[in-house]
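Visitor: Below is a structure I'd like to ask you about.
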Amino acid sequence: MSGRPLFYTDSVAKRGYNRDTIRGGASDWDVSRPFSSYLRLLYRLLVHPIRFFELLPRVLDPRAPGLFLVFSSLLASLTWFFAGGLYLTLAALLLPLPLSLVLAGIYHLVAWGGRYGYAVTWRVLAYPFGYLLPLTAIPGLRWVAAIYSGVVLLAVGLAIVKEISFGRAFLSCFVVTGLLLFALYPALLD
């Protein structure tokens, strides 16, 4: 069998799948090792964001980013439990996944005409948004992390994955993130 797994056959390869898209790519969250995978992906996203988004699988499978957001919302709810009380803990636990779907729709519209559809745009948004969630409980750092995630990381991700110009991605992410932060500023006032 030339060292290939049994489920990786020539008919699978003809449909456009490879070993990375079957078991999750190098930039996908590994469900079997949640903590080490979380730290590994955080490091890769923060230190090498271009490489992270180049390796991000362009598949419609929502399991890895969805479970990553659930894991991140658990971490965020823990941080908000100690920083803000019960209501903010529940919000951090229940809102991230539906909010990510809405935000992905907005970012998909600003990247209109780019390659791939809404599901891949959501995949691009899920990882920076997931890393931002636990940091929102830390006063001062929440604003820096939100700007870095919403403007820099998402612009890099949209430019690479959706294959639009970086200038267009940066400007649209700057406007959308700016409007969101302006709307949330009174609620999250330090």
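The values are calculated or read from the model by the stated rules, or taken from the named source; none is laboratory data. Note that this is a predicted model, so its numbers are computed, not measured. With ideal geometry, Cβ positions are generated from the backbone for all residues, glycine too; neighbour counts draw on all protein chains shown. Keep in mind that these areas ignore ligands, DNA and RNA; they rest on the heavy atoms of the full protein, side chains included. Shrake-Rupley method; radii C 1.70, N 1.55, O 1.52, S 1.80 Å.
Visitor: What is the spin-label model distance, in nm, from Val102 to Ser165 if the labels are put 7 Å beyond Cα along the C-beta direction?
Guide: 3.2 nm
Visitor: For segment 80-156, state which trypsin sites (Lys or Arg not before Pro) are in a DSSP loop and have at most 13 other beta carbons lying within 10 Å of their beta carbon.
Guide: Passing both the DSSP loop test and the Cβ count: Arg115.
Visitor: Can you pull the one-decimal nm distance between simple spin-label points at Leu109 and Leu95, each 7 Å off the Cα toward Cβ?
Guide: It works out to 2.0 nm between the two label points.
Visitor: Select from segment 102-173 those chymotrypsin sites (Phe, Trp or Tyr not before Pro) which occupy a DSSP coil region and have at most 14 other Cβ atoms within 10 Å, ordered by residue number.
Guide: When the chymotrypsin sites (Phe, Trp or Tyr not before Pro) of segment 102-173 are filtered for loop state and at most 14 Cβ neighbours within 10 Å, Trp112 remain.
Visitor: Also, quick follow-up: In nm, give the distance between the simple-model label positions of Ala83 and Tyr185, each being 7 Å from the Cα along the Cα-to-Cβ direction.
Guide: For Ala83 paired with Tyr185, the spin-label model returns 1.9 nm.
Visitor: Next up: Can you give the accessible area per residue of segment 114-190, in Å², using a 1.4 Å probe?
Guide: Per-residue accessible area for segment 114-190 comes out at 44 Å².
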